[in-house]
Amino acid sequence: MRRKSARQFDVDPNIRAIKVYPVIGSNRSVSDLKTIGIKLTREQAIHLAQVLLAVANKWDDIDITAYREPRQSDFTHHITVTSLE
């Protein structure tokens, strides 16, 4: 099986987020946490929703990955929507 990305749909797959929790450098280990968090602006939330709606029509399983390392140019975090089918 190979991983599919949202690029094949008529949506911009370059999804951004304001912040991903826990932040890098946190005293808590990711394995010790019960939750993770993603902070989005209204526009970012709408963009993520549009991508999810586009892929949900074709894919049975959807994986959302949020990168904890921010982009240096604007300090936003990249989010990917993929499927392993």
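When 1/r is averaged over all different Cα pairs and the result inverted, which Kirkwood radius in Å belongs to the chain? Show your work: numbers first, answer last.
Numbers: mean 1/r = 0.0720 Å⁻¹.
Radius from the Kirkwood sum: 13.9 Å.
In the stretch 3-84, with Lys and Arg counted as +1 and Asp and Glu as -1 at Cβ, which of these residues, F9, V30, S83, has the Cα nearest the positive end of the dipole, that is, farthest along it? Positive-end residue among those listed: V30. Among P70, P13, P22, the largest mean-square fluctuation in a Gaussian network model of the chain (Cα springs under 10 Å) belongs to P22.
Under 16 Å of direct C-alpha separation, and excluding same-chain neighbours fewer than eight residues apart, K58 reaches these aspartates and glutamates: D10, E85.
Which value, in debye to the nearest 20, describes the size of the charge dipole of the stretch 1-80 about its Cα centre when Lys and Arg Cβ atoms bear +1, Asp and Glu Cβ atoms bear -1, and nothing else is charged? If you can, show how the numbers build up before the last one.
On the way: 13 positive and 9 negative charges, 30 e Å.
Dipole size: approximately 140 debye.
Between the helical axis of 42-56 and the longest alpha-carbon principal axis of the chain there is an angle of about 40 degrees.
Sum -39500 (n - 2.57) across every DSSP H segment of at least 4 residues in the chain, then divide by the residue count to get the 222 nm mean residue ellipticity, nearest 500. Write down the numbers at each step before the final one.
On the way: 1 runs with 15 residues, N = 85.
Helices in the chain give a 222 nm mean residue ellipticity of -6000 deg cm²/dmol.
Coordinate-derived values only; no laboratory data. Note that the structure is a prediction, hence the values are computed from the model and not measured. Counting neighbours? That spans all protein chains shown, and the Cβs are built from the backbone with ideal geometry, glycine included.
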